[in-house]
Amino acid sequence: MIAVAYCVVIVFLGMIGYLVKFMVQDSQEIINNPANKRQELLAERIVRGDIVSSDGRVLATTETDQKGNETRVYPYKNVFCHVVGRVWNSKTGIELEQSFPLLTSHVNPLKQLSNQLQGQKNQGDIVVTTLNAKLQQIAYDALGNQKGAVVAIEPSTGKVLAMVSKPDYDPNTVRSEWDSLVADEAGNSALLNRATQGLYPPGSTFKILTAMEYMRENPSFDKYRYECSGSDTFGGNVIRCYNGEHHGTVDLKSSLAHSCNGSFAHIGVGLNRKSYRKLCEAFGFNSSLGVKFVSSRSRFVLDEKSDTAEAAQTAIGQGKTTITPLQNALISATIANDGVMMTPYLVDHTESVDGHVVKKYEPQEKRTVISRKRANQVTRMMRSVVSDGTAAALRNLPYPVAGKTGTAEIDSEGTSHAWFVGFAPAADPKIAVSVIVEGAGTGSQYAVPIAAKMLEEYLGN
Amino acid sequence: MDKQEAARKLQELLGNSNTIGVMHSVVVELSKYIIIFLFAVYTWHCFTVFIGRDKERKERVYRHQLKLMFTIHFICSLVLFLNSLHVQIIILYLLQVVLFVFAGKAYPYVYEGMSKIVLNNMLMLLMVGMVMIERLDTESAIRQMIFAAATCVAGLFIPYIIEKFSYFDIFGWFYAIAGLGLLALVFVIGEERYGAKNWVSIGSFALQPSEFVKIIYVFFAAAFLAKAERFKDLVLVTAVAAAHVLILVLEKDLGAALIFYITYLVILYVSTERLSYLLAGLACGSGAAVVAYHLFTHVQNRVIAWRDPWSTIANQGYQVAQSLFAFGTGGWFGMGLGEGMPDKIPVASSDFIISAIGEELGVFFAICVVLVEISCFVMFVNIALKMSRRFYS
């Protein structure tokens, strides 16, 4: 009898223990769920807090007029529209991710109480992002009127420094423009954050992964040679080098530097598909990135059943592989960080209006994808892309840049997306970038200059 | 009438707008902290009153607990009234006070030497339940009031009945037949709710026969097992218990079936002290649970909601998710009575009332409720251990 009684008491205590665990560990994340309608209740007591950039600029704030009507104001208008998001008509971006913290106040509880007693609202906490407002503005201006996306990450931490997507919209006036944004007669998809949700063929930027897989399977990759005559046939499918160039005898490094399609298609058909796939999946393909914001999964679909032609296409980034600009930036950032992938994040910390830190988000290591040695080898190869390859425009910067261009063909008429991924300074990387310009042309011509402006802003010229 | 409207009306009635507005928010805002503090003190007493042998001190603590209960009751009712300005709230409050005072005086009189802790806890839980139901739905609160009053009065006659029928344990077969009969009643006049056919309506009142049969069932099991000498007796009583469970399964009221099953196992174990029976019973129960999972979709839904409410948030997971939102958003100190959205939680006024309590009165308060329940249970066991006759233990 006593034993049964003890069991029952233990079950009850376990229930209390679980409730406490839920409150301490899980509740903050769970109540931020958009399906939780109770956020509206908090908004009745708290003025939604500000969102600021890492360099102290206000990205979103709430203005209250004399009658007590609140308006959410975005001083940068379109520049941060996707990444910071909006509150009207279902929240997006950081407004969504941090909705509860913004509607929670951590000023002195006594002050809060006294405010409440006087019927005054308390000021919600401030969300300090990892975004650099100046860098964001440079990237935004550099992309100009073109469609595309730019992502910049700090390799050692995973902090997202900039995230631009175009076409865009003004979150201040989204309400009045909503109908036309949704109707989208121009096919702009301005509401979509291309940086995290746009799925593009990676083009030649994918050759970085193909090269890495080749190095893994062939320890003597230094001895690799290929004779490029401008075109080659794989499984009945002709692969041409850009502009019909003949690269002559190339090794692995110069294949990457000059982005030789024949050479990489040749490598691709000989790779162990299972191992190739495993490498890509380790870099983040076919699974969620584990980030707090909305993002699409990049897809790598080549397997043992795929034919030779598809293997060749995949190796040069033209097959069925699709990638988000964020994922592409993350691959570069991982190489830059000696092979250790850091989970990208947008919020550095939240603080109360009286200035004390409420919650600090620490950098999180996702996994070690490749060894430091391999990362350095790949970096050297990506250096040669800048020093004597397709990204030569970056050669004149006062610090070594490592990168890879890409020109992803999307139709038979030669329309292609311009890509650039890379990081700098190569020896001690502070920033990794990924740039895509839709339907613009070659990466060298259209994506590299945008990256150059960003590096100049962030690292100086 | 919502809160703002009530506050405005109050200002109109009493003039001097500013002070009244501040007063109103003082009561509503501060009350939640005060309530939690008072309830915490109450709960503390539940477990510390047994330290020492000073009888007078104990009596003082019991009286103190009652005062705490009445204070919490008053504050909650005041907040409910200020938020709605319904006269019904005042009437209900006064009726509740009459009921609690009556029960508090009459029970110790009828039950000589009863545990004051159990009495105080009974009143406290009754009060918390009433306040919360009143906040959710006044109509249900009136019904709850009637039922509470009726059962409180009925409870006073139990010692008399036991004394009159001092051979309570000879009615074994009577209990068995009455219990099975009542359970089977729903096949004739029952109605289906939430996937199970287990309700009977009488006028505007709806009740679940299984709630009453629970008591008769325990009497039946106790009566038989108290006399059981041979293995044959055990088989017989187990078969009758199984019949109860089977009827409930046929009604698809699996929750009640589980309670009846576990109750029987525990009574069986307590009376025979054979651990093997308990273990075998639990093994069979687990097997039956697997079968039930494959047989009934509403069981599958429960499992889906339990494993991951988030991926099925619009369907099976809705209730669990809303309940977690309620706890999480309310936080340790709650949103304050009338300040949350407990109406978003399906069945908040009965099965999920603890979520509503957690949301508005705070997780600390909800934990105190569980601790009070533990206190009740410990006292029940304590009483049973003191019983000399096998039937009562």
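When Rg is the radius of gyration of the Cα atoms in the protein assembly as shown and Rh is its Kirkwood radius, what does Rg/Rh come to?
1.09
Arrange A:His356, A:His82, A:His349, A:His106 by Cβ neighbour counts within 10 Å, fewest through most, would you? Intermediate values should be presented prior to the final figure.
On the way: A:His356 11, A:His82 28, A:His349 17, A:His106 21.
Going from least to most buried by this count: A:His356, A:His349, A:His106, A:His82.
Would you please classify the overall shape of the range B:263-393 from the alpha carbon gyration tensor, given that a ≥ b ≥ c denote the square roots of the eigenvalues, rounded means a/c under 1.5, and beyond that prolate means a/b larger than b/c while oblate covers the rest? Please report the intermediate quantities before stating the final value.
Details: a/c = 3.53, a/b = 1.37, b/c = 2.58.
In terms of gyration-tensor shape, oblate.
Checking the a/c ratio against 1.5 first, then a/b against b/c, what shape does the Cα gyration tensor give for the range A:94-193?
Verdict is oblate for the range A:94-193.
Any idea what the alpha-carbon Rg over 2.2 N^0.38 Å comes to for chain A?
Compactness ratio reported: 1.10.
For each of A:Glu438, A:Glu217, count neighbouring Cβ atoms within 10 Å of the residue's Cβ, then give the residues from fewest to most.
A:Glu217, A:Glu438
Scan around A:Val47 for amide H atoms under 5 Å from its own, H built in the peptide plane at 1.01 Å from N, and keep only partners 5 or more places away or cross-chain.
HN-HN under 5 Å from A:Val47: A:Asn122, A:Gln123, A:Gly124.
Hey, could you pull the Cα Rg and Dmax for chain B, both in Å?
23.4, 80
Given a cut-off of 27 Å, name the pairs among A:Lys274/A:Lys320; A:Lys274/A:Lys373; A:Lys121/B:Lys344; A:Lys166/B:Lys344; A:Lys121/B:Lys9 whose C-alpha atoms lie farther apart than that in the structure shown.
A:Lys166/B:Lys344
Could you compute Rg(Cα) / (2.2 N^0.38 Å) for the range B:170-295, with N its residue count?
In units of the 2.2 N^0.38 Å rule of thumb, it is 1.09.
Got a sec? How would B:Lys58, A:Lys223 order by Cβ neighbour count within 10 Å, fewest to most?
So the residues, fewest neighbours to most, are A:Lys223, B:Lys58.
Could you give each residue of the range A:214-226 its phi-based ³J(HN,Hα) in whole Hz, using Karplus coefficients 6.51, -1.76, 1.60 with θ = phi - 60°, and x for Gly or Pro?
My calculation for the range A:214-226 gives 4, 5, 5, 7, 10, x, 9, 5, 4, 8, 4, 9, 8 Hz in order.
Just to check I understand the Karplus step: with θ = phi - 60° and J = 6.51 cos²θ - 1.76 cosθ + 1.60, what whole-Hz values come out for the range B:208-218, glycine and proline as x?
9, x, 4, 5, 7, 4, 3, 5, 4, 4, 5
Taking the alpha-carbon set of the range B:325-392, what are its Rg and Dmax in Å?
16.5, 51
Using helices alone, I'd like the mean residue ellipticity at 222 nm for chain A: each DSSP H run of four-plus residues gives -39500 (n - 2.57), total over residue count, nearest 500. Write out the running numbers ahead of the final one.
Details: 18 runs with 163 residues, N = 461.
The per-residue figure over chain A is -10000 deg cm²/dmol.
Just tell me which aspartates and glutamates come within less than 13 Å, Cα to Cα, of A:Lys453; anything on the same chain fewer than 8 places away is out.
The reachable aspartates and glutamates, counting only those whose Cα sits under 13 Å from A:Lys453, are A:Asp141.
Only loop residues by DSSP count here, and only those with at most 15 other Cβ atoms within 10 Å; note down the chymotrypsin sites (Phe, Trp or Tyr not before Pro) in the range A:267-340 that meet that.
none
Kirkwood Rh, Cα Rg: Rg to Rh for the range A:30-172?
1.01
Rounded to the nearest 500, what is the 222 nm mean residue ellipticity of chain B from helices alone, with -39500 (n - 2.57) per DSSP H run of 4+ residues and division by all residues?
Mean residue ellipticity at 222 nm (helix-derived): -26000 deg cm²/dmol.
Regarding the range A:334-425, what is the average projected area of its C-alpha convex hull, in nm²?
In nm², the orientation-averaged hull projection of the range A:334-425 is 9.8.
Output the relative contact order of chain B, whole-number percent, from Cα pairs under 8 angstrom with separation of 6+ residues.
17
Show me, for the range A:84-93, the HN-Hα J-couplings you get by feeding each phi into the Karplus relation (A = 6.51, B = -1.76, C = 1.60, θ = phi - 60°), rounded to Hz, glycine and proline as x.
7, x, 9, 10, 6, 6, 6, 6, 9, x
How big is the charge dipole of the range A:341-420 about its Cα centre, in debye rounded to the nearest 20, if each Lys and Arg gets +1 on its Cβ and each Asp and Glu gets -1 on its Cβ?
Working: 11 positive and 9 negative charges, 136 e Å.
With Lys and Arg at +1 and Asp and Glu at -1, about 660 debye.
Compute the distance from the alpha-carbon center of the range B:353-379 to that of the range B:259-293, in whole Å.
When both Cα centres are located, 28 Å separates them.
Could you please state, rounded to a whole Å, how far the C-alpha centre of the range A:204-267 is from the C-alpha centre of the range A:339-389?
First find each Cα centre; the distance between them is then 29 Å.
Distance between the C-alpha centers of the range A:1-69 and the range B:83-141? Whole Å please.
32
With springs only between Cα atoms under 10 Å apart, run a GNM on chain B and tell me which of B:Gly172, B:Gly287, B:Gly104 wobbles the most.
Comparing B:Gly172, B:Gly287, B:Gly104 in the GNM, the peak value goes to B:Gly287.
Take the Cα atoms of the range A:41-88, find their three principal axes, and give me the spread along each one in whole Å, biggest first.
Principal extents (Cα only, largest first): 30, 22, 20 Å.
Throughout, read-outs are computed from the coordinates displayed, never taken from laboratory work. Predicted model only: the values in this text are computed from it and were never measured. Every residue, glycine as well, gets a Cβ built from its backbone with ideal geometry; the counts of neighbours run over all protein chains shown.
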